[in-house]
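The values are calculated or read from the model by the stated rules, or taken from the named source; none is laboratory data. Keep in mind it's a predicted model, so treat the numbers as computed, not measured. Counting neighbours? That spans all protein chains shown, and the Cβs are built from the backbone with ideal geometry, glycine included. Side chains included, ligands, DNA and RNA excluded: accessible areas come from the protein's heavy atoms. Shrake-Rupley method; radii C 1.70, N 1.55, O 1.52, S 1.80 Å.
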Amino acid sequence: GQNIDQPTEMTATEGAIVQINCTYQTSGFNGLFWYQQHAGEAPTFLSYNVLDGLEEKGRFSSFLSRSKGYSYLLLKELQMKDSASYLCAVRSVDKLSFGAGTTVTVRA
Amino acid sequence: NAGVTQTPKFQVLKTGQSMTLQCAQDMNHEYMSWYRQDPGMGLRLIHYSVGAGITDQGEVPNGYNVSRSTTEDFPLRLLSAAPSQTSVYFCASSKGTVSSGNTIYFGEGSWLTVV
């Protein structure tokens, strides 16, 4: 099985930067996803990392270190609409396992 | 584009009742799965299917049945509902298996309350 840990909550100011960390322990690691989920809605895909390093996509970046079992999602130039839950998900064979999610609150 | 469609969106059941959550996708995706989401526990995999006629258990399969008679449909059956099955259920699909790195697309969710 997988153990996936991420902080429960984070608060940041509009325009700031927030980094959400995710640590995992898994057998047969085969990639890591980040999803965004607004309250009452379905998760939507943000990023995917399978090799070590940084993947940048606009205001969002995701980093992976396979040897350390560690990833982070970096949100830059925070906007009010970024207030949501961010889910770290680890892929193993044919299964995708999720962490409990980090609720990010952006304040004006 | 319809994507992944789940019905019903909201349902209240009495303990012991049975029901089926419907899931359909129009993207010709081979891989389909069901998750439940509970506060503080994230999404947990119930059952999944890598193609028509093939299903397998996830992390929390007890109390649920699935079948995959067509590529498009993947219904989830609650055999005898229990209050512990009160949750939000998400159906998801992707082209090819998760191990091929394909993005998973989620339905809008079904809010189920068992009283």
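Out of the residues in the stretch A:41-99 that are acidic (Asp, Glu) and under 21 Å from B:Phe106 (Cα atoms), which is farthest from the other protein chains (Cβ to nearest Cβ)? Show your work before the answer.
Quick first cut of the stretch A:41-99, residues acidic (Asp, Glu) only: A:41, A:52, A:55-56, A:77, A:82, A:94.
If we keep only those that are under 21 Å from B:Phe106 (Cα atoms) as well, we get A:41, A:82, A:94.
Working: A:Glu41: 7, A:Asp82: 19, A:Asp94: 5 Å.
Among residues in the stretch A:41-99 that are acidic (Asp, Glu) and under 21 Å from B:Phe106 (Cα atoms), the one farthest from the other protein chains (Cβ to nearest Cβ) is A:Asp82.
Name the single residue that is nearest to B:Ser84 (Cα to Cα) among those in the stretch B:23-34 being without any contact (Cβ under 8 Å) to a residue 60 or more places away in the chain and of a type outside the set (Gly, Ala, Ser).
Going through the stretch B:23-34, the residues without any contact (Cβ under 8 Å) to a residue 60 or more places away in the chain turn out to be B:24, B:26, B:34.
Then keep just the ones that are of a type outside the set (Gly, Ala, Ser); that gives B:26, B:34.
Details: B:Asp26: 32, B:Trp34: 17 Å.
Among them, the one singled out is B:Trp34.
Could you check how many residues of the stretch A:83-108 are part of a strand (DSSP E or B), modelled with pLDDT under 95 and touching an Asp or Glu at 6+ places or on another chain (Cβ under 9 Å)?
Matching residues across the stretch A:83-108 total 2.
Counting only residues that are away from every other protein chain (no Cβ under 11 Å), of a type in the set (S, T, N, Q) and either within 19 Å of A:Tyr35 (Cβ to Cβ) or over 11 Å from the mean Cα position of the chain (by Cα) (or both), how many does the stretch B:45-66 have?
The number of residues fulfilling the criteria is 2.
Among the strands (runs of 3 or more DSSP E) confined wholly to the stretch A:1-79, which include 3 or more residues that are touching a residue at least 24 places away in the same chain (Cβ under 8 Å) and open to solvent by 30 Å² or more (accessible area, probe 1.4 Å)? If you could, list the steps in order and put the result at the bottom.
Numbers: elements: A:3-5, A:9-13, A:18-25, A:29-37, A:44-49, A:53-57, A:60-65, A:70-75.
Filter on the stretch A:1-79 gives A:9-13, A:18-25, A:70-75.
Yes/no matrix, rows are residues, columns are (1) modelled with pLDDT of 95 or more; (2) open to solvent by 60 Å² or more (accessible area, probe 1.4 Å); (3) assigned to a strand (DSSP E or B):
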site: B:Val12; (1), (2), (3): yes, yes, yes
site: B:His47; (1), (2), (3): yes, no, yes
site: B:Val50; (1), (2), (3): no, no, yes
site: B:Thr55; (1), (2), (3): yes, yes, yes
site: B:Thr70; (1), (2), (3): yes, no, no
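Do you know which of the residues in the stretch B:14-45 that are assigned to a loop (DSSP other than H, G, I, E, B) and at positive phi is least open to solvent (accessible area, probe 1.4 Å)? Working first, answer last.
Start the filter on the stretch B:14-45 by keeping residues that are assigned to a loop (DSSP other than H, G, I, E, B), which leaves B:14-18, B:26-30, B:39-41.
Retained after the next criterion (residues that are at positive phi): B:16, B:28, B:40.
Values: B:Gly16: 43, B:Asn28: 100, B:Gly40: 71 Å².
Among those residues, the one meeting the criterion is B:Gly16.
Take the stretch B:72-99 and flag every residue that is within 14 Å of chain A (Cβ to nearest Cβ), open to solvent by less than 40 Å² (accessible area, probe 1.4 Å) and not polar (S, T, N, Q).
Matches in the stretch B:72-99: B:Val88, B:Tyr89, B:Phe90, B:Cys91, B:Ala92, B:Gly96, B:Val98.
Residue by residue, here is whether (1) among the β-branched types (Val, Ile, Thr); (2) within 20 Å of B:Arg36 (Cα to Cα); (3) at pLDDT 95 or above holds:
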residue: A:Gly1; (1), (2), (3): no, yes, no
residue: A:Gly15; (1), (2), (3): no, no, yes
residue: A:Cys22; (1), (2), (3): no, no, yes
residue: A:Gln25; (1), (2), (3): no, no, no
residue: A:Gly28; (1), (2), (3): no, no, no
residue: A:Gln37; (1), (2), (3): no, yes, yes
